[in-house]
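What follows is calculated from the coordinates using simple rules that are stated; it is not laboratory data. These figures come from a predicted structure and were not determined experimentally. Because the Cβ atoms are built from the backbone with ideal geometry, glycine has one as well, and the counts that use them run over all protein chains shown.
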Amino acid sequence: MLDPIQARKQVLKSCRRVVLKVGTRLLADRTAIARLVSQIHALRESGRQVILVSSGAVGMGMRAAGLKRRPRHLSEVQALAAMGQATLMAMYEAECRKYDFRAAQLLLTADDLRSRERHLNAVNCIEALLAHDVLPIINENDPVSVSELKFGDNDTLAALLGSMIRADLTIILTTVDGLLDKNPDGTLGDRISVVHGVTAQLKEIASGTDDAAFSIGGMASKLKAAEVLNSAGEALWIASGEDADIIARIFAAEDVGTVFLPQDGMHKMGSRKRWLASFSRPAGVIAIDDGAANALVKKGSSLLPSGIVSVTGAFKRGDVVRIVRAASGEVLAKGITNFSAEEAARIAHHKSGDLTSILGCDAEEEVVHRNNLVLL
């Protein structure tokens, strides 16, 4: 296993595209934003592309309204976000113009990324902005978001963006130095330098680190972000944004913050499978027997009708389904089905060669082809 410095150098070796997320408490005023944009400018001057995920809209709105605590009512939070977003972007634009580049705003909801068409539209928009040397600044569309459309926090949004645009590195700047271990007495211990895969033990030691009176998120959300990125074969680096030179120190491969690396190495997942794993919303469930489960997990096989035990939901051909082990309910994979729920139920337990006679028409041999399937 590589030592902390070598692990960092390996991540940075071919890093050309960076997603940078900055939390609300680091964006206190124009001075803080000026310092951030200066660091982004230096990173861009090194030949790297930067996509910024910026919190702060609600915080800016709270300051404008003279509030000390984040409201509980959704409509009030949405109103503050609408107020603060204009102020925040005006500050970013003014600071970017000092370095002769422009900023652009994208406001997204979770539903924008779940829809395959809108997902691709968002990717294409970001790619076009980068091609024109514009800094994309992305935030959740808080004024219109409701619970079922929300990412939950900008840590998750940053991770999903890092995965969807195939960033080489995602950096989350926060108010702590990194993931801290816990001592036996429950107090916080030393900083953990490198993490190879998020484990149940790490989740247990993670706890909220941000001030709930002013922002949302915490270390637990950062571990969730690490899981999203690591599953796609990408790295996450969390570090303290209170260090004025933190970005330069990160790209100098200094032992700062915590780097989360995929447990099985940096094997990049394809774009379609990234969408399936992290963005798609299943329309139904196909439960399979142990033989089919082992073929999927251990052999990388497609899902054949003979292994189907039961079908749940009202999905149609081309929908995403969740594939589970019937005996235990364990979620194994998500994939794009070649059959509707009714058809899948009719061909369950049958051999692929029998499908034409059962359905009365030509049919695919696989219920879910391995190219349209991602293991979870």
**Request:** Could you tell me how many degrees, from 0 to 90 and to the nearest 10, lie between the Cα long axis of helix 116-131 and the main elongation axis, the longest principal axis, of the Cα atoms of the chain?
**Result:** 40
**Message:** Residue by residue through segment 195-204, what is 3J(HN,Hα) from phi via Karplus (6.51 cos²θ - 1.76 cosθ + 1.60, θ = phi - 60°)? Round to whole Hz and write x for glycine and proline.
**Reply:** 10, 9, x, 7, 10, 4, 5, 5, 5, 5
**Asked** So for the pair R272, H73, with labels modelled 7 Å out along Cα→Cβ, what separation do we get in nm?
**Response** 4.9
**Prompt:** Using every alpha carbon pair in segment 298-361, what percent of pairs falls into each 5 Å bin from 0 up to the bin containing the largest distance?
**Reply:** 4, 16, 29, 28, 17, 6, 1
**Item:** Positive-pole candidate from L202, C15, T175, dipole of segment 4-273, charges at beta carbon
**Value:** C15
**Request:** Over the alpha-carbon set of segment 4-273, work out the extent along each principal axis and list the three values in angstrom, largest first.
**Result:** 46, 43, 37
**segment 50-114: chymotrypsin sites (Phe, Trp or Tyr not before Pro) in DSSP loop, at most 16 other beta carbons within 10 Å** = Y99, F101
**Request:** Report the equivalent ellipsoid semi-axes for segment 5-49 in whole Å, largest first, defined as the square roots of five times the eigenvalues of the gyration tensor built from alpha carbon atoms.
**Result:** 24, 13, 8
**Fill in**
Note to self: C-alpha centroids of segment 217-284 and segment 36-57 sit apart, in Å, by 17
**Asked** Considering every pair of different Cα atoms, what Kirkwood radius, in Å, is found for segment 249-366?
**Response** 16.1
**Request:** Determine, from the Cβ-Cβ distance of E242 and R281 and an R0 of 35 Å, the FRET efficiency 1/(1 + (r/R0)^6), rounded to the nearest 0.05.
**Result:** 0.40
**Item:** Residue-averaged [θ]222 nm for the chain, counting only DSSP H segments that reach four residues, each worth -39500 (n - 2.57)
**Value:** -11500 deg cm²/dmol
**Item:** DSSP bridge pairs, segment 4-273: antiparallel proportion in percent, nearest 5
**Value:** 15
**Prompt:** Under 5 Å between amide H atoms, partner at least 5 residues away or on a different chain: which partners does V367 have, H built in plane at 1.01 Å?
**Reply:** L303, L304
**Message:** With a cut-off of 8 Å between alpha carbons and a minimum separation of six or more residues, what is the relative contact order of the chain in percent?
**Reply:** 15
**Asked** Taking Rh as the Kirkwood radius, which is the inverse of the mean 1/r over Cα pairs, what is the Rg/Rh value for segment 106-207?
**Response** 1.06
**Complete:** Of all GluC sites (Glu not before Pro) in segment 255-352, the ones in DSSP coil with at most 14 other Cβ atoms within 10 Å are E330
**Asked** With Cβ to Cβ distances under 10 Å as the rule, what net charge do the other residues near A326 carry (K, R +1; D, E -1)?
**Response** -2
**Request:** Could you work out how far helix 30-45 tilts from the main Cα principal axis of the chain, as a 0 to 90 degree angle to the nearest 10?
**Result:** 60
**Item:** Relative intensity, log₁₀ I(q)/I(0), of segment 1-111 from a Debye sum that treats every alpha carbon as a point, q = 0.12, 0.17, 0.19, 0.24 Å⁻¹
**Value:** -0.53, -0.89, -1.01, -1.35
**Request:** Could you tell me which of the pairs K182/K222; K13/K268; K13/K222; K182/K203; K21/K224 are separated by over 19 angstrom between their Cα atoms in the structure shown?
**Result:** K13/K222
